[in-house]
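K.L.:
Supplied in structure tokens, the structure appears directly below.
The values are calculated or read from the model by the stated rules, or taken from the named source; none is laboratory data. The structure presented is a predicted model; accordingly, all values stated were derived computationally and were not measured. Positions of Cβ are generated from backbone atoms using ideal geometry, with glycine treated the same way; all protein chains shown enter the neighbour counts.
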Amino acid sequence: MAVSDPTPSITWRKPDGSVVSCFEKVKVLNENYGELRDLLQDAMDDALLLGCSEAQVRDAFQQLLDQLQPGVAENPDAI
């Protein structure tokens with residue numbers, strides 16, 4: 001399993017464009033991002049080792065991302 005970088009260079013933003021500045025929220029978002037990156041890296045590596053096309057795997061991952069629907073409503077008033 002790959003080791004995730006604990007500090008991705010992402011500025012997390014609220015629906016109004018302002019920056020999410022709460023340390024704990026940013027920490028959770030960065031941890032989730034790192035976990036997803038590691039899981040996708042492992043899945044990509046597995047697919048290539050099993051003989052799949054990198055382009056096809058990337059396309060499948062993008063399709064999956066595009067199909068995701070939020071389980072909760074976006075909250076512009078979240079603190």
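K.L.:
For region 59-79, which positions are surrounded by 10 or more Cβ atoms within 10 Å (Cβ to Cβ) and farther than 24 Å from W12 by Cβ?
P.N.:
Across region 59-79, the qualifying residues are D59, A60.
K.L.:
What pairs come out if I take residues in region 55-72 that are under 20 Å from Q41 (Cβ atoms) and at pLDDT 95 or above and pair them with residues that are among the hydroxyl-bearing types (S, T, Y) and not in a loop (DSSP other than H, G, I, E, B) whose C-beta lies under 9 Å away, six or more apart or interchain?
P.N.:
Hits for this filter: zero, empty list.
K.L.:
What do you reckon, is G17 in contact with a Pro (Cβ under 8 Å, 6 or more places away or on another chain) and either free of Cβ contacts under 8 Å to residues at least 24 places away in the same chain or assigned to a helix (DSSP H, G or I) (or both)?
P.N.:
In short, no.
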